[in-house]
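Contents: one structure, followed by commentary.
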Amino acid sequence: MPTPDGGAARLTLAEFATRHGLALTRFAYLLCGERSRAEDLVQEVYLALHRRFGGGLPLDDPLAYARRALVNANISQARRGSSRELPAELLPERGGYLDPAPDDELWHLLTQLGQRQRAVLVLRYYLGYADAEIAELLGCRRATVRSLAARALSRLREQLDDTQQRHDDGRAGQHGATQRHDGRTR
């Protein structure tokens, strides 16, 4: 709805949260990998928007502004690190007969990347941003974006190869020859 002066109507913060809250939470989840932390990041951004602009959002693209704020908040929170929960190295055993889904393995590998590398991959492959847009959002050069993406993808490939090798070795051990108690191989 246009304003009386012919410009586009500005969203209130409440309208913005209603319209874009779920998408921002998904985006934050992809950045940080934890549902509760993603929700906290979105709430921090809403609070920061309210502190800065009050109930209205006098921005041309409030969604882009909020995404950038989420990326920055996630990186800042990761740097503070000591004040948040840390993931456990070992998880309780799952049923040994189930292999994790490939997406679960990939998701675990993504959580091992640095915050900026992960942000670049999420912005590039989830939101479809070009390198120039990512560079502007992260406040760096396009060459830095390409470098971060290349290093992240290289690390993911290495980790996937290692995971596949361990998986193959484990299957070979399950189906390999066994020795009988008399010393002969079956």
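The values are calculated or read from the model by the stated rules, or taken from the named source; none is laboratory data. Bear in mind that the values here come from a model prediction, so they are computed numbers and not experimental data. Using ideal geometry, Cβ is built from the backbone for each residue, glycine included, and neighbour counts are taken over all protein chains shown.
Identify, from the list LEU24, LEU30, the residue that is modelled with pLDDT of 95 or more and not in a loop (DSSP other than H, G, I, E, B). Working first, answer last.
Numbers: LEU30 fails: modelled with pLDDT of 95 or more.
Result: LEU24 is the single residue among LEU24, LEU30 that is modelled with pLDDT of 95 or more and not in a loop (DSSP other than H, G, I, E, B).
State yes or no: is SER147 exposed (fewer than 14 other Cβ atoms within 10 Å of the Cβ), under 21 Å from the mean Cα position of the chain (by Cα) and modelled with pLDDT of 90 or more? Please lay out each step first, then the result.
On the way: exposed (fewer than 14 other Cβ atoms within 10 Å of the Cβ): no; under 21 Å from the mean Cα position of the chain (by Cα): yes; modelled with pLDDT of 90 or more: yes.
So SER147 fails the test.
Please go through region 29-52 and pick out each residue that is out of contact with any Ser or Thr (no Cβ under 8 Å at 6 or more places or on another chain) and either within 17 Å of ARG116 (Cα to Cα) or buried (at least 17 other Cβ atoms within 10 Å of the Cβ) (or both).
From region 29-52, those out of contact with any Ser or Thr (no Cβ under 8 Å at 6 or more places or on another chain) are 29-32, 34-37, 40-41, 43-52; that's our starting set.
TYR29, LEU30, LEU31, CYS32, GLU34, ARG37, LEU41, GLU44, VAL45, TYR46, LEU49 - these are the residues of region 29-52 that are out of contact with any Ser or Thr (no Cβ under 8 Å at 6 or more places or on another chain) and either within 17 Å of ARG116 (Cα to Cα) or buried (at least 17 other Cβ atoms within 10 Å of the Cβ) (or both).
Under the condition of being farther than 25 Å from CYS140 by Cβ and modelled with pLDDT of 90 or more, which residue from region 57-95 is surrounded by the most Cβ atoms within 10 Å (Cβ to Cβ)?
Going through the qualifying residues, I end up with LEU57.
Considering only residues of region 110-132 that are over 11 Å from the mean Cα position of the chain (by Cα) and crowded, with 17+ Cβ neighbours inside 10 Å, which is farthest from LEU30 (Cα to Cα)?
Ranking the qualifying residues of region 110-132, first place goes to ASP131.
Can you give me the number of residues within region 106-120 that are hydrophobic (A, V, I, L, M, F, W, C) and not in a helix (DSSP H, G or I)?
Final tally of qualifying residues: 1.
Tally up the residues in region 125-144 that are of a type outside the set (Asp, Glu) and in a helix (DSSP H, G or I), please. Spell out the reasoning first.
First, pick out the residues of region 125-144 that are of a type outside the set (Asp, Glu): 125-130, 132, 134-135, 137-144.
Filter again for in a helix (DSSP H, G or I), leaving 125-126, 132, 134-135, 137-138, 142-144.
The number of residues fulfilling the criteria is 10.
Can you find, within region 150-168, the residue that is nearest to ARG116 (Cα to Cα) among those that are loosely packed, with under 15 Cβ neighbours inside 10 Å and touching a residue at least 40 places away in the same chain (Cβ under 8 Å)?
LEU160
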